[in-house]
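Engineer: The following block contains the structure, expressed as structure tokens.
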């Protein structure tokens with residue numbers, strides 16, 4: 001199913017997508033005996049020209065940010081092939097389809113060659129065989145058909161067929177024999193038969209709908225079709241003739257205000273509608289004989305839900321909320337179809353539609369390597385991580401610059417970077433993917449006293465906080481070599497001595513903890529150039545030394561070493577500005593903070609009291625509730641959790657060691673491991689890298 005809402009006009013036109021088995025729209029028979037697990041999700045972001053990438057926790061439905069890729073102008077729809085090998089994005093503003101290859105292990109997208117469409121494409125979908133793709137061109141009043149190269153995913157042989165006025169959505173029946181297009185300009189559904197050899201469309205008899213139909217989907221059984229009418233606040237119901245594809249109208253169901261998307265669960269028992277202007281999701285049960293919808297209790301969404309999607313397992317639903325820059329997650333009651341809130345994750349600017357890739361195994365994140373920057377010995381310690389126990393095995397240390405103070409690994413796990421405080425530069429290393437060994441590349445200049453660095457989630461930009469110069473250095477990253485090229489340096493202005501730096505998981509905002517001005521600075525990131533624009537500052541406690549963002553992208557936390565507190569902030573999703581919530585007590589001189597990958601637990605390494613404080617995170621407000629405290633080595637200066645969230649590590653500055661802890665998955669409490677590992681002199685920064693399986 002695919003739907004559209006043109007937020008640049010007053011007419012309601014938003015789009016949602018046809019994906020794998022997740023939307024009940026024709027790409028899965030629903031009879032596969034092999035378990036289906038959601039693995040990766042993609043969201044098209046209309047306003048900033050990107051596609052966000054997420055991994056999916058198959059047990060909880062949680063979305064975990066995994067970076068983003070550039071699309072073209074105003075991406076309005078995204079879909080994936082049934083095989084999960086290729087993804088396609090309809091770019092409304094550039095009259096094109098972006099083509100991507102999907103990495104089956106990590107979910108990463110690699111851009112191929114874009115193809116032209118008609119004018120203002122609003123919807124894209126793939127037939128169940130994965131051989132053909134179809135795009136609605138809203139200004140030309142046509143639907144374009146393409147053949148898909150099964151090896152490369154490339155699209156070719158565009159053929160245009162007439163539709164009604166302003167085609168806004170296209171869907172394919174599960175049989176692959178019929179296509180349907182919602183025409184919002186003349187209140188009709190165009191019907192077509194599909195040539196199974198060529199993918200060509202032959203027009204049938206159009207049927208009338210309610211006012212301004214913007215989304216159409218077919219139930220997994222192929223027996224019923226549903227259309228959201230944004231102008232009349234209804235869902236039209238049709239039975240589908242299994243031989244001819246002809247639609248016969250049934251009894252329409254009422255929605256709330258401005259319904260813009262409809263989806264059906266894989267079992268065919270429930271349907272959900274996104275209501276753009278009432279900020280809700282309507283819930284319906286489906287009569288299995290007639291297709292009639294019976295309304296249940298609607299649930300709140302964010303601001304202007306543009307689409308709703310169900311994962312391939314039928315356990316979770318997701319809504320893209322265009323003007324709150326968020327994706328709420330819901331657990332589906334398997335008996336009643338009721339939706340229960342299960343968290344929210346940040347999105348980019350103007351999310352309009354999602355697609356999901358499934359597989360026969362759930363995604364797991366596992367640790368691979370750990371690296372410690374040793375300030376007094378000008379070296380980097382290298383370790384392998386046992387995936388079962390979390391134990392560290394030392395490899396061969398490598399030389400850094402003078403006074404290595406901060407360390408980061410890029411999202412691909414291929415490159416490592418070290419900020420050298422005393423030599424005012426950044427060391428670059430390639431990571432051996434088998435052993436974790438580091439091979440030095442070309443060092444680049446930074447500002448005075450670089451103390452912290454961060455890589456953006458797309459892996460294209462790096463940023464360094466220069467404490468002595470009160471500036472932020474920006475770099476582009478060569479994707480083939482990892483080399484850094486300086487692009488811009490931004491002054492911190494009156495916010496002096498930035499000592500820690502972080503980027504939110506959507507890649508839209510950057511934050512620095514400013515030691516001497518007791519503030520946190522916020523910047524907006526240009527996702528094309530990597531340039532920074534100051535957003536404002538927020539007051540922290542005394543001498544903030546560490547800043548981190550929770551994995552949902554909604555909360556920020558700063559460790560204040562001078563006031564022995566943790567400052568809690570909410571992140572304004574439209575601007576990135578921070579709003580102070582509260583300060584909570586920590587141990588003595590908290591110097592490093594971290595959030596576990598689930599976003600449930602928070603930790604602070606207390607340099608002055610040789611302890612690690614643990615907290616639970618309030619999922620609605622981000623507030624911290626203190627839990628147990630664990631002992632550390634002498635003066636812990638850096639804290640890191642592995643990508644699985646199973647293990648935590650603390651680098652002890654004067655103990656020249658790393659302590660390992662196991663994380664209790666129910667309480668977040670830390671239990672110390674049986675042994676510590678040695679480092680070189682004065683380990684001051686620590687990072688743990690991992691991989692997706």
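The values are calculated or read from the model by the stated rules, or taken from the named source; none is laboratory data. Owing to the predicted nature of the structure, the values given are computational and were not obtained by experimental measurement. Here the Cβ positions follow ideal geometry from the backbone for every residue, glycine too, while neighbour counts run over all protein chains shown.
Engineer: Looking at (1) farther than 12 Å from residue 172 by Cα; (2) in a loop (DSSP other than H, G, I, E, B), find the lone condition where residue 222 falls short.
Structural biologist: All conditions are met except number (1).
Engineer: Only one residue in 552, 598, 575, 616 is buried (at least 24 other Cβ atoms within 10 Å of the Cβ), touching a strand residue (DSSP E or B) at 6+ places or on another chain (Cβ under 9 Å), more than 17 Å from residue 686 (Cβ to Cβ) and touching a residue at least 40 places away in the same chain (Cβ under 8 Å). Which one?
Structural biologist: On the way: 598 fails: buried (at least 24 other Cβ atoms within 10 Å of the Cβ); 575 fails: buried (at least 24 other Cβ atoms within 10 Å of the Cβ); 616 fails: buried (at least 24 other Cβ atoms within 10 Å of the Cβ).
From the options 552, 598, 575, 616, the qualifying one is 552.
Engineer: Now, a different point. Tally up the residues in the stretch 193-214 that are crowded, with 17+ Cβ neighbours inside 10 Å and either under 34 Å from the mean Cα position of the chain (by Cα) or closer than 15 Å to residue 126 by Cβ (or both), please. Spell out the reasoning first.
Structural biologist: Of all residues in the stretch 193-214, those crowded, with 17+ Cβ neighbours inside 10 Å come to 194, 199, 201, 204, 206-207, 209-210, 212-214.
Next, only the ones that are either under 34 Å from the mean Cα position of the chain (by Cα) or closer than 15 Å to residue 126 by Cβ (or both) stay: 194, 199, 201, 212-214.
Within the stretch 193-214, residues that are crowded, with 17+ Cβ neighbours inside 10 Å and either under 34 Å from the mean Cα position of the chain (by Cα) or closer than 15 Å to residue 126 by Cβ (or both) number 6.
Engineer: Going through the stretch 657-681 one residue at a time, which ones are surrounded by 22 or more Cβ atoms within 10 Å (Cβ to Cβ) and within 20 Å of residue 374 (Cβ to Cβ)?
Structural biologist: Those that are surrounded by 22 or more Cβ atoms within 10 Å (Cβ to Cβ) and within 20 Å of residue 374 (Cβ to Cβ): 658, 659, 660, 679.
Engineer: Just to be sure I understand, how many residues within the stretch 21-65 are at pLDDT below 95, crowded, with 24+ Cβ neighbours inside 10 Å and under 18 Å from the mean Cα position of the chain (by Cα)?
Structural biologist: Of the residues in the stretch 21-65, 1 are at pLDDT below 95, crowded, with 24+ Cβ neighbours inside 10 Å and under 18 Å from the mean Cα position of the chain (by Cα).
Engineer: Continuing with this model, one more query. Within 19 Å of residue 455 (Cα to Cα) and in a strand (DSSP E or B): does that describe residue 489?
Structural biologist: Answer is yes for this residue.
Condition check ((1) surrounded by 22 or more Cβ atoms within 10 Å (Cβ to Cβ); (2) outside the structural domain of residue 505 (by TED's automatic domain parsing); (3) in a loop (DSSP other than H, G, I, E, B)) across all residues:
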residue	(1), (2), (3)
67	yes, yes, no
72	no, yes, yes
93	no, yes, yes
110	no, yes, no
